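One structure is given below, encoded as structure tokens.
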Amino acid sequence: MPTPAELGYRMPAEWLRHSATWLTWPKDPETWPDRVPQVEEIFLQMMAALAPHETVNLLVDDAATETAVRRRCVFPAAENIRFHQIPTVDSWIRDYGPNFIVSDKLQFVADSEKEPLAQANDKLEFVGRQLEQRLAYNDWIFNAWGNKYEELKRDDSIPARLESLLKVRRFEPGIVMEGGSIEVNGAGCVLTTEQCLLNPNRNPQLSKGDIERYLKNYLGVEKVLWLGEGIVGDDTDGHIDDIARFVAPDLIVCAVEDDPEDANYKLLQDNLRRLQAMTDVKGRPFEIVTLPMPGVVGGISTQARELERLPASYANFYIANDVVLVPGFGHENDSRALNTIQRLFPDRQVVGINCEPLVWGMGTIHCVTQQQPQVN
């Protein structure tokens, strides 16, 4: 079967126009011990910020949950919240949900009114043309971040269950991959980490070269850019969306730790040096902007997990139509991070959301969102 790249598909950059954002309503007390009500409020804040600008597709388990959530949607443009009763285990739709891709198809038309094409001597006389975009998505295998959480692996079925709802083509690459592990600039490059994609708990049968071929074939990219390790406490084994993000085709924002004694200092400095040495598909260096870290946030001790710190990072922001949602952690660097991101997106409203309760689930805003690109 032809790959998406062979058919002209590519993963678009996150800052391009969306038709929708996908979310899954939170409910798991093991994910957010003693914090599910606070996390629900965070989701309502995200929905309130997104709904005026794009559709929000929200997965809920059942009719009772839909009714309860609808009553709480008392914000402008709440009619843009679309509910879908599709049971899930957890809310990490970035990692288990559809990975949307688009393709441009050249259509020939007779004139601006798109009248039927004239035919003469068995040949079509084309007098105009337009581009029509097609939507599709990749359905990667989700193994709950290297088989860490057996119950959560059931969410691997979500992309296939959405096929009848989306009514677009679904590609099955056949390898383990999470949405939070890849970051594209929409101009031929994908950014990822060795710690995650080369981890033997993902695709031990594949070499680095094999992984690069899959990324090129299914994301429509030409160049794979490798960073090293993710931040301390990240149970995803180094997802890119906690450490470095494209904010323009030639611009990367990179998380750095200011304190040399902090456990994140050396590994983030290594990533910064790698970024400074990288080039795009045409051999041009990227502009790098640094983003602070919020220091040590929380700590967790449950029957399932015990960690000294949580994977808190301002880089886990989400770029939507006209707004950027940025996690905050009650740290003095919150305002620095918000100001930096606002300078990077002068035409969008930057909305800070306190995500200290959310990060107890081992992720924040970008991890629980999934963008669906707009097509014409």
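Read-outs throughout are calculated quantities, based only on the coordinates presented, and are distinct from any laboratory measurement. All of these numbers come straight from a predicted model, not from anything done at the bench. We place every Cβ from the backbone using ideal geometry, glycine too, and count neighbours over all the protein chains shown.
How large is ³J(HN,Hα), in whole Hz, for each residue of the range 215-232 in order, when computed from phi with the Karplus curve 6.51 cos²θ - 1.76 cosθ + 1.60 and θ = phi - 60°, using x for Gly and Pro?
My calculation for the range 215-232 gives 4, 5, 6, 9, 9, x, 9, 10, 9, 9, 10, 9, 9, x, 10, x, 7, 5 Hz in order.
Mind listing which trypsin sites (Lys or Arg not before Pro) in the range 234-334 are in a DSSP loop and have 10 or fewer other Cβ atoms within 10 Å?
Sparse-neighbourhood loop trypsin sites (Lys or Arg not before Pro): K282.
Please arrange S157, S207 by counting, for each residue, the other beta carbons lying within 10 Å of its beta carbon, fewest first.
Going from least to most buried by this count: S207, S157.
Work out, step by step, the length gained on full extension between E163 and T67: first 0.36 nm times the residue separation, then minus their alpha carbon distance; give nm to one decimal.
Gain on stretching E163 to T67: 32.1 nm.
Of D139, D62, D250, which has the largest mean-square fluctuation in a 10 Å C-alpha GNM of the chain?
Among D139, D62, D250, the largest mean-square fluctuation in the Gaussian network model of the chain belongs to D62.
Taking every alpha carbon pair in the range 9-373, what does the distance histogram look like in 10 angstrom bins from 0, in percent?
Taking every Cα pair in the range 9-373, the percentages come to 5, 24, 34, 24, 8, 3, 1, 0.
Report, by chain and number, residues whose modeled amide H sits under 5 Å from the one on D322, excluding near sequence neighbours (fewer than 5 apart, same chain).
Hits under the 5 Å cutoff: none.
List every residue whose amide H lies under 5 Å from the amide H of I81, counting only residues 5 or more places away in sequence or on a different chain, with H placed 1.01 Å from N in the peptide plane.
V56
So who's got an amide H within less than 5 Å of the one on I353, skipping anything under 5 residues away but keeping other chains? H placed 1.01 Å off N, in plane.
Under 5 Å from the amide H of I353: V326, G328.
Contact order normalised by length for the chain, with contacts defined as Cα pairs under 8 Å and 6 or more residues apart; what percent is it?
This gives 21 percent for the chain.
Each residue of the range 274-279 in turn: what ³J(HN,Hα) in whole Hz from Karplus with 6.51, -1.76, 1.60 and θ = phi - 60°, glycine and Pro shown as x?
Karplus-based 3J(HN,Hα) across the range 274-279 equals 5, 4, 5, 9, 7, 9 Hz.
To two decimal places, what compactness ratio does the range 161-235 give when its Cα radius of gyration is scaled by 2.2 N^0.38 Å?
1.20
Enumerate lysine pairs in the range 9-373 that are 8 or more residues apart or on different chains, then count those whose Cα atoms are under 27 Å apart.
23
For the range 314-331, what does the Karplus curve 6.51 cos²θ - 1.76 cosθ + 1.60, with θ = phi - 60°, yield as ³J(HN,Hα) per residue in whole Hz, taken in order and with x for Gly and Pro?
6, 5, 7, 7, 10, 9, 10, 5, 6, 9, 10, 9, 10, x, x, 9, x, 10
Label 7 Å along Cα→Cβ of Q374; the range 317-346 residues with amide nitrogen under 13 Å?
Zone members listed by number: 320-323.
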